[in-house]
Amino acid sequence: MNIRKTAILGMLSAGAVILGYVEMLIPVMPSVPGMKLGLPNLAIVTVLYLYSAREAALVSFVRILIIGFLFGNLFSICFSLSGAVVSLLLMAILKKLDLFDTVGVSLVGGIGHNLGQIVAAACLVQNVRVAYYFVPLIISGLVSGVLIGILSGIVAKRMKKVIN
Amino acid sequence: MDKKKRNTLLLVAALVVILGATVLIQAVSKPNDNASNDMGGNGTEDLVKNGMVAVIQQEGQVLMEVSLDEDRDFIVQHPTGGYNAIHVKDGKICVSDADCPDLTCVRTGNAYEEGQVIACLPHRLIIYIEQEK
């Protein structure tokens, strides 16, 4: 890893942490637990397009650890990871397939995050009824995924010029 | 238009159609429910008994079933320490207080319709509404 790349990944990780913090300050419909803006995904998708899935996973992991240590606990870290792993896996596969632009990749990531967390929640309480929140969460994942996808497409395009 | 953009638009359109249909079906399949829950707002003391029970399950085991037609407050303790205070009033149930770190269960608010769920993941607690048998 060269110095420039280290610096850029560090900067984007910091960006992801800030976005995660801002996201915590803006609650969206508290009656649907787990519904959130998905802002950190902006940094993750950007890294995915600037570099590759490996770097995106690194930034995502660093962000979850820092947010978890600052505001959460071991439980919240594990729960965040359950969403991030599914989301990243799906986004990495979709990007490899090269069928969609950033919007498509990001929206599948958004939906994947909610999917992963619902499955984790169902395992934790040993009851599939938490799927009650499935549809509203998928809808919010879709909407925020599309918006984040548009943004990160622009950010990645501009940053690519700086990097090269 | 470039191919990736077209594919993405198709994906978004497909998802919107599927989700829209799901929401519509859900909305259509329970209008009777809302009618019976509607108390008309005429200030009568008698509450409409709608025969809903809340099942409280912890660590995979059903702890109790409480009728939503009786107002009550109680506390559910978690074996490793920690609690959730449950509040039942006017046919609705909510977690009024808890010592879990995220307080998602408290923020979820009231549950009263069949199928609604309140979950407290740190305490492995789930409350779901069922029609009384």
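The values are calculated or read from the model by the stated rules, or taken from the named source; none is laboratory data. Treat the numbers as computed from the prediction; the structure is a model and nothing was measured. Using ideal geometry, Cβ is built from the backbone for each residue, glycine included, and neighbour counts are taken over all protein chains shown. Remember, those area values only see protein heavy atoms, side chains included, never the ligands or the DNA or RNA. Shrake-Rupley method; radii C 1.70, N 1.55, O 1.52, S 1.80 Å.
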Next item on the list: Please work out the FRET efficiency for the pair B:K4 and A:F69, using the Cβ-Cβ distance as r and a Förster radius of 35 Å; give the result to the nearest 0.05.
Entry: 0.40
Checklist line | Distance between the range A:50-91 and the range B:53-120 - C-alpha centres, whole angstrom | finding: 30
Notebook entry, point to check: In degrees, nearest 10, range 0 to 90: what is the angle between the Cα axis of helix B:3-28 and the longest Cα principal axis of chain B?
Noted result: 40
Check: Counting every Cα pair in the range A:41-111, what percent are over 18 Å apart?
Finding: 35
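For chain A, what is the accessible area per residue in Å², given a 1.4 Å probe and the full set of protein chains? Present the calculation step by step, with values, prior to reporting the outcome.
On the way: 8030 Å² over 164 residues.
Ligands and nucleic acids excluded, the result is 49 Å² per residue.
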Check: Hey, got the average number of other protein chain Cβ atoms within 10 angstrom for residues in A:120-127?
Finding: 6
Note to self: Under 5 Å between amide hydrogens, which residues at least 5 positions from B:D97 or on another chain qualify, with H placed 1.01 Å from N in the peptide plane?
What the structure shows: B:A85
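Let me make sure I get this right: for the range A:115-164, a, b and c are the square roots of the gyration tensor eigenvalues over alpha carbons, sorted descending. Under 1.5 in a/c it's rounded, otherwise prolate if a/b > b/c, else oblate. Which is it? It would help to have the intermediate numbers written out before the result.
Details: a/c = 8.92, a/b = 2.75, b/c = 3.24.
In terms of gyration-tensor shape, oblate.
For peptide B:105-116, what's the mean number of Cβ atoms from other chains within 10 Å of each residue's Cβ? Don't skip to the end; give the middle numbers.
Details: counts 1, 1, 6, 5, 2, 1, 2, 0, 1, 0, 3, 4.
Average neighbour count from other chains, rounded to a whole number: 2.
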Checklist line | Estimated inter-spin distance, A:N2 and B:V62, nm [label 7 Å along Cα→Cβ] | finding: 6.5
Next item on the list: Mean Kyte-Doolittle of at least 1.0 plus a Cα span of 24 Å or more along the axis: flag which DSSP H helices in chain A meet both, please.
Entry: A:3-25, A:53-71, A:74-97, A:102-125, A:134-163
Notebook entry, point to check: Using the Cα gyration tensor of chain B, with a ≥ b ≥ c the square roots of its eigenvalues, what is the shape: rounded (a/c below 1.5), prolate (a/b larger than b/c) or oblate (neither)?
Noted result: oblate
Note to self: Highest mean first, how do B:86-95, A:142-151 rank when packing is the count of other Cβ atoms within 10 Å averaged over residues?
What the structure shows: A:142-151, B:86-95
Notebook entry, point to check: With charges set only on the Cβ (+1 for Lys and Arg, -1 for Asp and Glu), what does the dipole of the protein assembly as shown come to about its Cα centre, in debye to the nearest 20?
Noted result: 2400
Item checked: Residues of type aspartates and glutamates that A:K95 reaches as a straight line, Cα spacing below 17 Å, ignoring anything fewer than 8 places off in the same chain -> A:E55, B:D2
Item checked: Rough spin-label spacing in nm, given labels placed 7 Å along Cα→Cβ, for A:I93 and B:Q26 -> 2.4
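Counting helices only, and only those DSSP H runs with n ≥ 4, report the 222 nm mean residue ellipticity of the protein assembly as shown as the sum of -39,500 (n - 2.57) divided by its residues, in deg cm²/dmol to the nearest 500. Could you put the intermediate results ahead of the total?
On the way: 9 runs with 169 residues, N = 297.
Value at 222 nm, helices only: -19500 deg cm²/dmol.
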Next item on the list: Decide, for the range A:72-154, between rounded, prolate and oblate: order the square roots of the alpha carbon gyration tensor eigenvalues as a ≥ b ≥ c, take rounded if a/c falls under 1.5, and otherwise choose prolate if a/b is larger than b/c, else oblate.
Entry: prolate
Check: On average over all directions, what projected area in square nanometres does the range B:65-110 have, based on the convex hull of its Cα atoms?
Finding: 3.3
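What is the average number of partner chain Cβ atoms found within 10 Å of a Cβ in B:15-27? Walk me through the numbers before you get to the answer.
Numbers: counts 9, 4, 0, 1, 5, 1, 0, 4, 3, 0, 0, 1, 0.
That works out to 2 on average.
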Notebook entry, point to check: How high is the relative contact order of chain A, given as a whole-number percent (alpha carbon pairs under 8 Å, six or more residues apart)?
Noted result: 26
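Could you state the orientation-averaged shadow area of the convex hull built on the Cα atoms of the protein assembly as shown, in nm² to one decimal? Working shown, then result.
Details: hull surface 72.1 nm².
Mean orientational projected area (the protein assembly as shown, Cα hull): 18.0 nm².
Give the peptides A:123-136, A:65-78, A:95-108, A:36-49 in descending order of average Cβ contacts within 10 Å, highest first.
The packing order, highest mean first, is A:36-49, A:95-108, A:123-136, A:65-78.
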Checklist line | Overall Cα dimensions of chain A - principal axes, largest extent first, Å | finding: 50, 35, 25
Check: If you put +1 on each Lys and Arg Cβ and -1 on each Asp and Glu Cβ, how big is the dipole of chain B around its Cα centre, in Debye rounded to 20?
Finding: 1100
Notebook entry, point to check: Per-residue HN-Hα couplings for the range A:26-33, Karplus 6.51 cos²θ - 1.76 cosθ + 1.60 at θ = phi - 60°, whole Hz, x for Gly and Pro?
Noted result: 10, x, 10, 6, x, 6, 10, x
Checklist line | lysines whose Cα lies under 28 Å from that of B:K30, excluding same-chain neighbours fewer than 8 positions away | finding: A:K36, B:K49, B:K89, B:K92, B:K133
Item checked: Total accessible area lost when B and A pair, probe 1.4 Å, Å² to nearest 100 -> 2600
Margin query: Skipping prolines and chain starts, which residues have an amide H placed within reach, meaning under 5 Å, of the one on B:D69, given they are 5 or more residues away or on another chain?
Written below: B:M52
